[in-house]
Amino acid sequence: MLTTKVVSNKKPPLLSDSESGGSTSQNSNKDLLGKVASSYIKKNAICYLDTSTTVQYMCKYIKEKSTIYSNSIDIIEQLKDNATLDLHLLGGKLNPVN
């Protein structure tokens, strides 16, 4: 069984990239990084996805049937329509910053 862990401590955006004034170049780099990172998720993998704008870009590229754990409502929200994924939202104490 393959286990993949993608971790970041960066705060996810509250606005879309265009609304937040994010750099187009930076966003395209994050999109590319997200695409590459998603290729490491193989069939039947078990993954933990932390909160991060780069991980949010990764979500649209996850295609393989796998199990995803996350403490991020935003990450789970982006993945919820992907029927190939078994999603688990981790509970715990609310961190209002993240």
Subset of the range 33-66 that is open to solvent by less than 30 Å² (accessible area, probe 1.4 Å), part of a loop (DSSP other than H, G, I, E, B) and not hydroxyl-bearing (Ser, Thr, Tyr) - its residue that is farthest from Val97 (Cα to Cα): Ile41
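Please specify each residue of the range 25-44 satisfying the condition of being of a type outside the set (Gly, Ala, Ser) and within 14 Å of Tyr61 (Cβ to Cβ).
Here is the first cut: in the range 25-44, the residues of a type outside the set (Gly, Ala, Ser) are 26-27, 29-33, 35-36, 40-44.
Those that are of a type outside the set (Gly, Ala, Ser) and within 14 Å of Tyr61 (Cβ to Cβ): Lys30, Asp31, Leu32, Leu33, Lys35, Val36, Tyr40, Ile41, Lys42.
Table: residues versus (1) among the aromatic types (Phe, Trp, Tyr); (2) modelled with pLDDT of 95 or more.
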{"site": "Ser28", "(1), (2)": "no, no"}
{"site": "Ala45", "(1), (2)": "no, yes"}
{"site": "Tyr61", "(1), (2)": "yes, yes"}
{"site": "Ser66", "(1), (2)": "no, yes"}
{"site": "Asp74", "(1), (2)": "no, no"}
{"site": "Leu79", "(1), (2)": "no, yes"}
{"site": "His88", "(1), (2)": "no, yes"}
{"site": "Asn95", "(1), (2)": "no, no"}
{"site": "Asn98", "(1), (2)": "no, no"}
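Quickly run through the range 86-98 and pick out the residues that are out of contact with any Phe, Trp or Tyr (no Cβ under 9 Å at 6 or more places or on another chain) and not in a loop (DSSP other than H, G, I, E, B). Working first, answer last.
Restricting attention to the range 86-98, the residues satisfying the condition of being out of contact with any Phe, Trp or Tyr (no Cβ under 9 Å at 6 or more places or on another chain) are 86, 91-98.
Residue satisfying the conditions is Asp86 alone.
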Count of the range 67-85 residues which are part of a strand (DSSP E or B) and either surrounded by fewer than 11 Cβ atoms within 10 Å (Cβ to Cβ) or in contact with a Phe, Trp or Tyr (Cβ under 6 Å, 6 or more places away or on another chain) (or both): 1
Yes/no for Asn29 being without any contact (Cβ under 8 Å) to a residue 12 or more places away in the chain and not hydrophobic (A, V, I, L, M, F, W, C): yes
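The values are calculated or read from the model by the stated rules, or taken from the named source; none is laboratory data. It should be emphasised that the depicted structure is a prediction, and the values quoted were computed from it without experimental measurement. Note: ideal-geometry Cβ built from the backbone for every residue, glycine included; neighbour counts use all protein chains shown. Accessible surface areas use protein heavy atoms only, side chains included; no ligands, DNA or RNA. Shrake-Rupley method; radii C 1.70, N 1.55, O 1.52, S 1.80 Å.
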